[in-house]
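The values are calculated or read from the model by the stated rules, or taken from the named source; none is laboratory data. Not measured: the values here are computed from a predicted model. Ideal geometry is used to build each Cβ from the backbone, glycine not excepted, and the neighbour counts take in all protein chains shown.
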């Protein structure tokens, strides 16, 4: 790879990382491009050479966050299953029988959605409601992310995929419900987390176990 191209890629990555960190810390409305450029250690002009508009930068940040969430889900899924512990703000071992795949997947997804970056994604989603350019830029990113979610679900639950014609709809409903519940808990509350996760796990178990109706 040519030196100039490699340098350009590194600068772009630095800008995305700086924007992501600033958005987590300051929020969307308190993160102008000048702040991002300063944090990345580049000029304002350099930022706009890589991202001609703030919309372009926000789309790149959301794309990076969603990609990392997919990786994070896989890592959480492979880790030892844990649940929020009642009355304590830390994770605890699950006692009793080893959790099944639904329990493990729900717990992993919940922990991913509780990451601070999810609030950034939500803020950008809300902004896109009244910003046609942002909505247009996000559309292909979200379409690819949704396709990744559905592919991963079919891999995790092959039996359900084979018999449940509504699996895709069920998976997306569960994911979006969990995302909303997780992001909606602004302050850590282990009691609420236990209750929300238990309900969402029951929902997932019910929807994933559906079978076609007899004619």
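A few points about this structure:
- Which listed residue is over 26 Å from residue 57 (Cβ atoms) and at pLDDT below 90, from 181, 173, 153: 181
- Picking from residues in region 193-202 that are closer than 21 Å to residue 173 by Cβ and out of contact with any helix residue (DSSP H, G or I) (no Cβ under 6 Å at 6 or more places or on another chain), the one that is surrounded by the most Cβ atoms within 10 Å (Cβ to Cβ) is 193.
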